[in-house]
1. For segment 253-335, please list each of the strands (runs of 3 or more DSSP E) lying entirely inside it that holds at least 3 residues being of a type in the set (A, V, I, L, M).
2. Given segment 1-118, what strands (runs of 3 or more DSSP E) lie entirely inside it while holding 1 or more residues that are closer than 28 Å to Thr182 by Cα?
3. Which members of segment 52-76 meet the condition of being β-branched (Val, Ile, Thr) and surrounded by 24 or more Cβ atoms within 10 Å (Cβ to Cβ)?
4. Which residue out of Ala102, Ala136 is out of contact with any Leu (no Cβ under 9 Å at 6 or more places or on another chain) and buried (at least 22 other Cβ atoms within 10 Å of the Cβ)?
5. Return yes or no: is Ala234 under 14 Å from Asn330 (Cβ atoms) and assigned by TED's automatic domain parsing to the domain that holds Lys128?
6. Can Ala181 be described as more than 19 Å from the chain's Cα centre (by Cα) and of a type outside the set (Lys, Arg)?
7. Of all residues in segment 65-88, count the ones that are under 14 Å from the mean Cα position of the chain (by Cα) and either more than 27 Å from Met1 (Cα to Cα) or at pLDDT below 95 (or both).
8. Restrict the check to segment 296-314 and report whether at least one residue is buried (at least 24 other Cβ atoms within 10 Å of the Cβ), within 26 Å of Ile153 (Cβ to Cβ) and in contact with a Pro (Cβ under 6 Å, 6 or more places away or on another chain).
Amino acid sequence: MKIYNAKVYSTEEKRFFDGSVTYENGIITKIEKGAGNGDKDAHGAYLLPGLIDVHSHGRGGCDFMNGTPEQIAECLSLYAKHGVTTVFPCVMTAPLPDIYRAIENIKNTKSRINIDGIHVEGPYISPKRPGCHDVACLRHLYADEAYKLCRAIAPLHAHFTVAPELEGADMFIKVLIKNGATVGIGHSDCTYAAAMHAVELGCVSFTHTFNAMRELRHREPGTAGAALSGRAYAEFICDLFHVNGAVLDLSLRAIGEDRFVIVSDSISAADMPDGRYDLSGMPVNVCEGRALNDEGVIAGSTSNVFDELKNLIKVTKEPLEKLAVTVTANPAKQVGIYDKCGSITVGKRADLILTDGESVLMTVCAGTTVKE
């Protein structure tokens, strides 16, 4: 298959060039510059790497914690219309047997959308910054538990959100990293110094920056200040509800586009009408697309990373070619899968989207057209 007459995205140069991309057996085999012909005429549309969402709880009425493999597969098919080709389904704070059951259901899912890993967002988080997580189900940080969860998730990649100020966190983080996991700092009340210590230990990111973390203050930069230092990747929910547009603009200018990662944090209510939904067994009320639990706490989003990219472009007035990395290369690098996806590169998986900048025109996942 050859897509031609496209504006092909170069991740290294952060620019588009006129050209074509050929792929066979799910792998990109050739990239050419200039005019030509082939199987699919892009009519001058932008050809980007498939988008990557490393922090999502579900959509279309399905919650990854509770869905069967069949329900999860149906749910994942909805990501294609938003240009997403790789998802890290989230498991969140719950009794351990429920977490293990969700992991198995995700691993047993047969989907045309790539599941390259699982994001464990809790129960290893701070009771002071739980967000909508169930405090009663939070757990101590035991190294053997870290090892067992990594083994349960394998061969998928494991990404964990951890509050590094908790007792036992240093060893917990070291065991995770030793067993191939990546670790993000989140749902944390840690100081700037504690966060930077965790980065030195090997933590690679900050989970949904500004939300459920110690605030930035001028004498104690806190967890948020450490995220803005630019020494690790920082996730942002760019739905303009979780974080104000002006703050997104300031954050991008602080850390630069190469450490900025857009995530959806979407829940089962995404792609659904307003109403009452479920997030890992917790009731969530959605009104005008905004999700809150019964206590009025924000409970995830109903957005998607393509629309959030457009939001970021709008509030920062930066071009697509500069910010495309925030939904492609950066999340792939954050969770350690850039060797297989995140850029249009010969030898990588043929995960591609065509877009006019406003809507997704075509989505190709591992060489299979999943939206056209």
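1. On the way: elements: 260-263, 275-279, 282-287, 290-293.
Because the criterion is at least 3 residues that are of a type in the set (A, V, I, L, M), the strands (runs of 3 or more DSSP E) in segment 253-335 that meet it are 260-263, 282-287.
2. Details: elements: 2-10, 15-24, 27-33, 46-49, 51-56, 84-92.
In segment 1-118, the matching strands (runs of 3 or more DSSP E) lie at 2-10, 27-33, 46-49, 51-56, 84-92.
3. Ile52, Val54, Ile72, listed by residue number.
4. Working: Ala136 fails: buried (at least 22 other Cβ atoms within 10 Å of the Cβ).
None of the others qualify; the one that does is Ala102.
5. Working: under 14 Å from Asn330 (Cβ atoms): yes; assigned by TED's automatic domain parsing to the domain that holds Lys128: yes.
Answer is yes for this residue.
6. Numbers: more than 19 Å from the chain's Cα centre (by Cα): no; of a type outside the set (Lys, Arg): yes.
So Ala181 does not fit the description; no.
7. The qualifying residues number 1.
8. no
The values are calculated or read from the model by the stated rules, or taken from the named source; none is laboratory data. Since we're looking at a predicted model, the values are computed, not measured. As a convention, Cβ positions derive from the backbone with ideal geometry for all residues, glycine included, and neighbour counts pool all protein chains shown.
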